[in-house]
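Here is the structure we will look at.
The values are calculated or read from the model by the stated rules, or taken from the named source; none is laboratory data. The structure presented is a predicted model; accordingly, all values stated were derived computationally and were not measured. All Cβ positions, glycine included, derive from the backbone under ideal geometry; neighbour counts span all protein chains shown. Each accessible area value is taken on the protein alone, full model and side chains, heavy atoms only, with ligands, DNA and RNA left out. Shrake-Rupley method; radii C 1.70, N 1.55, O 1.52, S 1.80 Å.
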Amino acid sequence: MDSQHVDTGLAAGIRRAPRGAGSEWLDSLRRRRASAYHAGPRLDDALAACRRLAADRIPVAVGYSAAREQSARTAADVHLGAFEALAADGIDGYVSVKLSELAFDPALLGELDAAAARTQRRLHIDALAPETVDRTWQLLERMPRAGGLGMSFPGRWRRSADDASRAAELGCAVRIVKGQWAHGAGGDVDPSEGFLRIVDRLCGHGGGVAVGTHDVALLTESVRRLTTAGTPCEVELLYGLPFRAPAIAARRLGVAARLYVPYGDVGATYGITDLRRRPVTAWWLVQDLLLGKDKTWQSIRRSRANL
């Protein structure tokens with residue numbers, strides 16, 4: 001069934017739901033659906049997911065989210081364990097880190113960079129809120145091996161095209177996403193238009209580009225532009241979201257599709273605002289709650305069989 005053509009009463013109810021007490025049930029739904037969009041709370045959970053994906057020759061990225069009370073040292077140790085485990089299992093994967101969870105500590109970041117070099121696995125810096133960008137650059141540009149890193153840039157921020165060019169000059173791999181947080185103060189553009197603006201800046205970049213979207217039309221146009229320019233690229237999809245159509249599109253375009261596997265204290269992929277504004281999101285929510293986590297694996301395996 002095509003979710004884009006489902007007339008669901010849940011979607012309409014979500015749009016009408018008042019803020020405050022009337023939205024408490026949405027908070028409950030968000031908590032329930034979050035488990036379908038991450039591998040579990042522990043590194044072992046993420047590794048189990050990665051092994052299952054590796055059995056179907058699907059490359060991965062693993063991204064940890066620390067609990068608020070967790071120390072930067074403890075969060076760093078989880079990432080160090082991820083590097084060692086991916087290497088020990090021979091899994092085609094890299095490690096994504098949120099610098100805020102390391103308290104922007106250069107010594108801890110240096111430890112992760114050393115682990116990346118030792119295990120020959122990439123260390124990737126996830127995009128955070130806009131106010132963290134300049135602080136991130138200040139930290140990265142003091143690193144001796146910045147060119148071995150990966151960085152993510154949101155299409156919805158006007159500044160991202162320039163930031164992506166800056167990363168390319170350092171030799172970084174780049175992941176392009178639409179973006180979760182608004183920039184504000186006139187710093188926002190249409191996410192899809194901004195996405196393609198970054199793509200155009202990176203055409204010809206030899207460090208590698210990941211097209212991070214499930215939007216098949218945007219994915220197709222982005223990969224077309226990159227491959228026409230001879231740019232090494234792949235598609236990166238989020239574990240748990242609809243997988244089949246973008247994976248098939250990637251295969252037809254002749255590029256690999258990688259899955260980003262979140263784990264730890266991970267919130268819902270979509271917030272309450274998304275549920276109110278997007279009926280399709282509400283329909284995915286219904287499927288998640290009815291079918292549970294196994295839906296993810298069934299979808300991935302069916303998609304793989306059709307590639």
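Below are the figures for this structure:
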{"item": "Conditions (1) open to solvent by 30 Å² or more (accessible area, probe 1.4 Å); (2) at pLDDT 80 or above; (3) under 19 Å from CYS50 (Cβ atoms); number of the one not met by THR269", "result": "(2)"}
{"item": "Residues that are over 22 Å from PRO59 (Cβ atoms) and hydroxyl-bearing (Ser, Thr, Tyr), drawn from region 186-244", "result": "SER192, THR228"}
{"item": "Number of positions in region 103-116 that are open to solvent by 50 Å² or more (accessible area, probe 1.4 Å) and under 22 Å from the mean Cα position of the chain (by Cα)", "result": "1"}
{"item": "Qualifying residues in region 67-91 (those that are within 17 Å of GLN120 (Cβ to Cβ) and among the hydrophobic types (A, V, I, L, M, F, W, C)) - the one surrounded by the fewest Cβ atoms within 10 Å (Cβ to Cβ)", "result": "ALA88"}
{"item": "Conditions (1) at pLDDT 95 or above; (2) part of a loop (DSSP other than H, G, I, E, B); number of the one not met by ILE198", "result": "(2)"}
{"item": "Residue satisfying condition, being of a type in the set (Ser, Thr, Tyr), under 22 Å from LEU140 (Cα atoms) and buried (at least 23 other Cβ atoms within 10 Å of the Cβ), within set SER165, SER160", "result": "SER160"}
{"item": "Extreme residue, nearest to the chain's Cα centre (by Cα), among residues of region 230-250 that are open to solvent by 50 Å² or more (accessible area, probe 1.4 Å) and within 19 Å of VAL199 (Cα to Cα)", "result": "PRO232"}
{"item": "Test: residue in region 92-102 that is more than 26 Å from GLY155 (Cα to Cα), out of contact with any Ser or Thr (no Cβ under 7 Å at 6 or more places or on another chain) and either open to solvent by 10 Å² or more (accessible area, probe 1.4 Å) or not aliphatic (A, V, I, L, M) (or both)", "result": "yes"}
{"item": "Those residues of region 224-268 which are among the acidic types (Asp, Glu) and part of a strand (DSSP E or B), in sequence order", "result": "GLU234, GLU236"}
{"item": "Failed condition for GLN180, given (1) farther than 22 Å from VAL97 by Cβ; (2) part of a loop (DSSP other than H, G, I, E, B); (3) polar (S, T, N, Q)", "result": "(1)"}
{"item": "Which listed residue, of GLY184, GLY194, is open to solvent by less than 30 Å² (accessible area, probe 1.4 Å) and over 20 Å from the mean Cα position of the chain (by Cα)", "result": "GLY184"}
